[in-house]
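A short write-up of the structure that comes next.
The values are calculated or read from the model by the stated rules, or taken from the named source; none is laboratory data. Everything numeric here is computed off the predicted structure, so don't read it as measured data. When we count neighbours, we look across all protein chains shown, and the Cβ atoms used for this are built from the backbone with ideal geometry, even at glycine.
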Amino acid sequence: MIWKLFYYLSVIISVGFIMLATVLIIAQVIFRYVFSMGYIWIPELARYSIIVASLVGAGLVIKEDSHPNVDVLTEFYPEKVREVIDVIFDLIILAFLIFLIIESWDFALNATGDTPALRIPWKYPYFSLVIGFVSMTVFTIKRLLDNIKTIL
């Protein structure tokens, strides 16, 4: 149940930020070419929206197991060996994601200054890294548990 909730929350966040970016970019084009005026904050907010959508979407890609992978070497192993290799890879990915969460958290907390156009503290855009890595971690844990169940 919690996995589905997190999945739907991730979809809503990712799609919502893509929609926001789309509306902002269309508005900027209209303002610039129809009314001959542009707002400097619109491209910056659209950029941050796309970043959040991409990072949260990366977790969804992990859930769907849609990241590109090279399996030319593992194809020659029996099914049980491939399942063990999947668990080992998931553990390595999980360790790396935990490292990235810790480092991005520290990076966001220690960020100084404000963004150029929106004039918000840099820590807020940098926290999108934390959100994205947490999303990827949650879906990696789900995949790891599913892979362990298939072995047992």
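Out of the residues in segment 87-137 meeting the condition of being of a type in the set (S, T, N, Q) and surrounded by 13 or more Cβ atoms within 10 Å (Cβ to Cβ), tell me which one is nearest to Leu60 (Cα to Cα).
Filtering segment 87-137 for residues that are of a type in the set (S, T, N, Q) and surrounded by 13 or more Cβ atoms within 10 Å (Cβ to Cβ), the one nearest to Leu60 (Cα to Cα) comes out as Ser135.
Could you tell me whether segment 4-20 includes any residue that is among the basic types (Lys, Arg), loosely packed, with under 15 Cβ neighbours inside 10 Å, farther than 25 Å from Leu118 by Cβ and at pLDDT 90 or above?
Looking for residues that are among the basic types (Lys, Arg), loosely packed, with under 15 Cβ neighbours inside 10 Å, farther than 25 Å from Leu118 by Cβ and at pLDDT 90 or above, one finds at least one in segment 4-20, hence yes.
Can you tell me which residues in segment 97-141 are on the phi > 0 side of the Ramachandran plot and touching a strand residue (DSSP E or B) at 6+ places or on another chain (Cβ under 8 Å)? Outline the logic, then answer.
Step one: filter segment 97-141 for residues on the phi > 0 side of the Ramachandran plot, giving 113, 119.
Matches in segment 97-141: Gly113 only.
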